[in-house]
Amino acid sequence: THERLSLLSALCRFFVPLPSAGFSTHDVADIVASDPWILTRSVDDRIAPSISDLKTVLGSNDDVVKLLRTSAWFLKSDLQKTMMPNIEFLRNCGICSSQIVSYVFSFPRFFLLKPESIKQFVERADALGFDRKSNMFLAAIRMLSSMSEENWKLKLKLLGNWVSLKMISCLLLGRHPQVFAVSERKIKQVTDFLLNRTNIGISFIISHLMVLICSLERRLKPRLLVIETLESKNSLRRKVSMTTIYKMPDKKFREKYVLPYLKELEEVSMSIVGT
């Protein structure tokens, strides 16, 4: 049929040039399978230039294929109008290439924003006092791109119910901007939960803002239940700090506070203990 002939023609146009550029037919098949609509794009005018740009940024065909397996829509965009000027601008801001490459894999759509938007986010980060020399500067820009200025102010106000906004801003500058990617609802839930504990105050939360990122149901509640149960039975030699409770890796927490005390934790539901 005409449709089948058109598809075969598109596949031929796509499969013939790319292997000659260093991509295996398996690589090409993976890319097409992740987003078949790229077959509607011109190989010469869009696909090949986009792959060339990605290779310039990422450094190798392997990394290009790795990215395109999950984000093949890069090949449908004119990267010379988005990604390439954005990366050049970010480099001029002092952000190192290795961090940019890492963010291309973690937050690919961020680099396809309009260059004017990226510049506005940088201006906002500068106005808020984020240090361009900090490794967290790119995180701050990316975080600001994910929310409106209104949402940013709302989250500051939410924490400002307990402590001055100036203090919060000073603590955030250059340190943990990703905390403000957390929803207002979660900030309130985690904060309310912790403040209802007898030995946790707002000063702890402000000094450990990363605790707001932790899952309330899968980490904070079950871990506190385990530690409080063990402390009530005098099973622990020393008091466990809240910092240890929320920061310790899952495997280490199980090995240190769950597995050795299975008998003491019998009344604690294993579905809750499963940290």
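The values are calculated or read from the model by the stated rules, or taken from the named source; none is laboratory data. Just so it is clear, the model here is predicted, and its values are computed rather than measured. We place every Cβ from the backbone using ideal geometry, glycine too, and count neighbours over all the protein chains shown. For accessibility, only protein heavy atoms count, side chains too; no ligands or nucleic acids. Shrake-Rupley method; radii C 1.70, N 1.55, O 1.52, S 1.80 Å.
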Query - Residue in the range 70-88 that is buried (at least 17 other Cβ atoms within 10 Å of the Cβ), β-branched (Val, Ile, Thr) and not in a helix (DSSP H, G or I) present - result: yes
Query raised in the report: Here are 230, 225, 220, 259: which of them is in a helix (DSSP H, G or I), of a type in the set (A, V, I, L, M) and either touching a strand residue (DSSP E or B) at 6+ places or on another chain (Cβ under 6 Å) or exposed (fewer than 14 other Cβ atoms within 10 Å of the Cβ) (or both)?
Result: 259
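Residues are listed down the side, and each one gets a yes or a no for (1) at pLDDT 90 or above; (2) in contact with a helix residue (DSSP H, G or I) (Cβ under 8 Å, 6 or more places away or on another chain); (3) open to solvent by 20 Å² or more (accessible area, probe 1.4 Å):
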{"site": "183", "(1), (2), (3)": "no, no, yes"}
{"site": "210", "(1), (2), (3)": "no, yes, yes"}
{"site": "215", "(1), (2), (3)": "yes, no, yes"}
{"site": "241", "(1), (2), (3)": "yes, no, yes"}
{"site": "252", "(1), (2), (3)": "yes, no, yes"}
Query raised in the report: Assuming residue 236 fulfils every condition listed in (1) modelled with pLDDT of 90 or more; (2) hydrophobic (A, V, I, L, M, F, W, C); (3) part of a helix (DSSP H, G or I) apart from one, which condition is it?
Result: (3)
Query raised in the report: With respect to the numbered conditions (1) charged (D, E, K, R); (2) outside the structural domain of residue 29 (by the TED database); (3) within 22 Å of residue 29 (Cα to Cα), which one is the sole condition not fulfilled by residue 91?
Result: (3)
